[in-house]
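Step one of this worksheet: look at the structure below.
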Amino acid sequence: MYPDLTGKTVVITGAATGIGQAIALRFGQEKANVVINYHSNHDGVEETIAKIKEAGGQAIDVQGDMSNEEDAQRIVQTAHDTFGSMDIMINNAGMENEVPSHELSLDDWNKVINVNLTGAFLGSREALRYMLKHNIKGSIINMSSVHEIIPWPHFVHYTASKGGVKMMTQTLAMEYAPHGIRVNGIAPGAINTPINAEKFEDPDKKEAVTKLIPMGYIGEPEEIAAVAAWLASSEASYVTGITLFADGGMTKYPSFQGGNG
Ligand code: NAD
């Protein structure tokens with residue numbers, strides 16, 4: 001636990017499900033003020049809010065499409081109006097769909113880029129404007145992926161978006177370091193969330209993914225939430241511009257395991 005997170009206000013985008021929901025619950029345990037952004041699916045949000053309050057934190061939910069400029073502005077404004085501050089922004093909202101690249105429609109390309117990259121930019125920009133205006137030495141965390149470095153056929157829009165998130169994170173980190181604002185990324189490997197639900201229901205596909213992970217298991221959202229809590233805390237006060245890989249070793253060339261190669 002990180003005592004300096006108590007009473008801090010954190011905005012988490014796409015926090016109705018999966019990793020975002022686990023982050024919301026973790027910051028609740030840290031007794032933070034949690035702003036849960038959700039898009040279309042509100043299922044489970046009330047339960048998350050109740051659990052956060054039970055753990056000693058505070059929480060509200062805000063509907064909004066992170067690829068929409070006005071929505072991103074309204075979400076940050078709501079955090080301020082409700083809790084009087086905004087100290088931590090976690091741009092977690094994301095989506096993917098599998099399509100061979102030569103068949104990928106411009107519409108599908110735009111949707112994924114708009115949510116994963118432009119959404120993270122809008123969330124970062126609004127957080128930066130707020131932090132600069134209120135002289136807050138805050139923390140911004142962008143949810144990237146191992147696919148910011150691992151190519152992934154049939155997911156060119158997704159890999160392009162996460163590669164973009166990587167460079168956006170590094171550039172913003174450098175640009176706002178003089179203001180004491182830290183900007184970092186988290187790159188999860190394969191995590192047990194709704195984004196993967198269909199794939200992991202198929203035992204063969206699940207096994208194929210597990211083989212890519214030296215630690216031998218698919219990660220849980222709470223393991224990513226723990227990384228987010230540390231990165232946001234003052235324990236990480238000198239850390240900016242990194243992508244922290246939480247991937248069970250997936251990016252360490254697992255085919256070389258056992259001395260192959
Ligand atoms: P998820 O599908 O449970 O979560 C994504 C959330 O983003 C959903 O709640 C969805 O409603 C929300 N969202 C989608 N479009 C939105 C929009 N326009 N505005 C606001 N919210 C929107 O899946 P997850 O695994 O929890 O994904 C969270 C993040 O982690 C994503 O950025 C994803 O790319 C990244 N990630 C996940 C994995 C994994 O294996 N699960 C691996 C690497 C990276």
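What to note about this one:
- Hey, A127 crowded, with 24+ Cβ neighbours inside 10 Å, in a helix (DSSP H, G or I), of a type outside the set (D, E) and within 16 Å of the ligand (Cβ to nearest atom) or not: yes
- Picking from residues in segment 183-197 that are among the polar types (S, T, N, Q) and either free of Cβ contacts under 8 Å to residues at least 12 places away in the same chain or more than 12 Å from G20 (Cβ to Cβ) (or both), the one that is nearest to the ligand (Cβ to nearest atom) is N196.
- Residue pairs whose Cβ atoms lie under 6 Å apart, sitting 6 or more positions apart in sequence or on different chains, and linking a residue in segment 207-225 that is in contact (Cβ under 8 Å) with a residue 40 or more places away in the chain to a partner that is surrounded by fewer than 16 Cβ atoms within 10 Å (Cβ to Cβ) and outside any helix (DSSP H, G or I), are P214/G249.
- H102 being modelled with pLDDT of 95 or more, more than 10 Å from the ligand (Cβ to nearest atom) and under 24 Å from A229 (Cα atoms): no
Per-residue answers, yes or no, for (1) charged (D, E, K, R); (2) within 20 Å of the chain's Cα centre (by Cα):
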position	(1), (2)
M1	no, yes
A22	no, yes
G28	no, yes
A50	no, no
E69	yes, yes
R74	yes, yes
D81	yes, no
L106	no, no
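- Pairs, first in contact (Cβ under 8 Å) with a residue 12 or more places away in the chain in segment 97-111, second acidic (D, E), C-beta under 9 Å, six or more apart: N97/D108; V99/D108
The values are calculated or read from the model by the stated rules, or taken from the named source; none is laboratory data. Predicted model, so just to flag it, every value in this text is computed and none were measured. Note that we place each Cβ from the backbone using ideal geometry, even for glycine, and neighbour counts take in every protein chain shown.
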